[in-house]
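The values are calculated or read from the model by the stated rules, or taken from the named source; none is laboratory data. Everything numeric here is computed off the predicted structure, so don't read it as measured data. Here the Cβ positions follow ideal geometry from the backbone for every residue, glycine too, while neighbour counts run over all protein chains shown. Accessible surface areas use protein heavy atoms only, side chains included; no ligands, DNA or RNA. Shrake-Rupley method; radii C 1.70, N 1.55, O 1.52, S 1.80 Å.
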Amino acid sequence: MARPFWQSYQAFLAQARLWTGESGECAVVDAVRRRSRREPDAFHAWVKGNGWGQAYVERHLLYVVDHPEEVRELLRRGYPARRIPLRSLDMASLAAALNETDWRTAVDRLFQRSRRPHWASQRVWLFESSPELRQREGLAPSVAEALIEVVCPLGGFVVDPMAGSGELVRAARATGRRAWGGDLRPSCPDVVQADVADLRLYVPEWSSDALVLHPPTFESWAKTARSLEDVPRSEHYAAYLDAIVEFLQASRTVLKPGGVVVLIARPPRDGHVFLAPFELALGEQGLMPGGYRLAVSRDGTEDWHFFIAQSRDE
């Protein structure tokens, strides 16, 4: 039976102290790294003589000293090193999981492997639609999960104050994130009834890694916007832009510095969608453009537009 990684690391340090003559962990590892560069033949012989694989030493054992303390503590507790997603890990969330009574379950949930489809790294996403999805105007689960993977780290917090039927909330929780969803007319138990203008009553300021907004289309907004009563028709477009900016202003205080904002646009069943106001609204709020994704159903009946921006890290 293979011994836990931390025990293997301690055995490596013990042998490395004898080989280098150093004592402290950092000094020992630095000495091994130097000798591996200056005396590669001696290094390879030493590694082979101790029964280790060279790749195992060079890619894993020599980098434990550089890991954040939360990861080192996880290894001390015997958690398998191969299951720790170092590149996408949120350390604050890992620290919180380690403080749980059932810390292993909490960590497993945090590290739950992504179910992102292979096409998620592309700019255009194709997905299978269905009459049920079209009826409730909800995101396909595969698209929701892919979007979450793009905009929020593992263990991060997603806020969706226009969540509707809750596809993004469920996708976030299913892929190892935390999530809060609200809507004026929620249609599932995962979403609470709340107005985006009151978001700060439900979500603490500066707490969200990703903020997702799905403003109404121009047509649906224009049917109910009282502010249009005395506005010339030629200025309706500008008024729509102002409305999107107001949504952003009301909600972005929950976003962490450096957090991600996503504006989702979907054309109505009959009519057109104006996309330029979404980009302009993000720019007016001082958000930095971070990307664009287009999701199209294979039967051509649906298309979703995702405008991604990042708040300044300050």
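Evaluated against (1) under 26 Å from T175 (Cα atoms); (2) over 28 Å from the mean Cα position of the chain (by Cα); (3) polar (S, T, N, Q), S93 falls short on exactly one condition, (2). Quick one: in the range 110-136, of everything that is part of a loop (DSSP other than H, G, I, E, B) and open to solvent by less than 40 Å² (accessible area, probe 1.4 Å), which residue is modelled with the highest pLDDT? Across the range 110-136, the extreme among qualifying residues is S129. Listed here are the helices (runs of 4 or more DSSP H) enclosed by the range 216-314 that have at least 3 residues being modelled with pLDDT of 85 or more: 236-251, 276-284. Restricting the range 1-26 to residues that are under 18 Å from L74 (Cα atoms) and in a loop (DSSP other than H, G, I, E, B), which is most open to solvent (accessible area, probe 1.4 Å)? The qualifying residue most open to solvent (accessible area, probe 1.4 Å) is R3.
Among the residues of the range 155-169, just one is in a strand (DSSP E or B) and open to solvent by 20 Å² or more (accessible area, probe 1.4 Å), namely F157.
A single entry from V47, V65, V29, V57 fulfils the requirement of being in contact with a Cys (Cβ under 7 Å, 6 or more places away or on another chain) and either crowded, with 16+ Cβ neighbours inside 10 Å or not assigned by the TED database to the domain that holds F157 (or both): V65.
Output yes when any residue across the range 30-40 is aliphatic (A, V, I, L, M) and within 30 Å of G176 (Cα to Cα), and no when none is. No: the range 30-40 contains no residue that is aliphatic (A, V, I, L, M) and within 30 Å of G176 (Cα to Cα). It is to be established whether one or more residues within the range 170-179 are modelled with pLDDT of 90 or more and open to solvent by 60 Å² or more (accessible area, probe 1.4 Å). Yes, there is a match, as at least one residue in the range 170-179 is modelled with pLDDT of 90 or more and open to solvent by 60 Å² or more (accessible area, probe 1.4 Å). Considering only residues in the range 48-93 that are among the charged types (D, E, K, R) and not in a helix (DSSP H, G or I), the one that is nearest to E149 (Cα to Cα) turns out to be D90.
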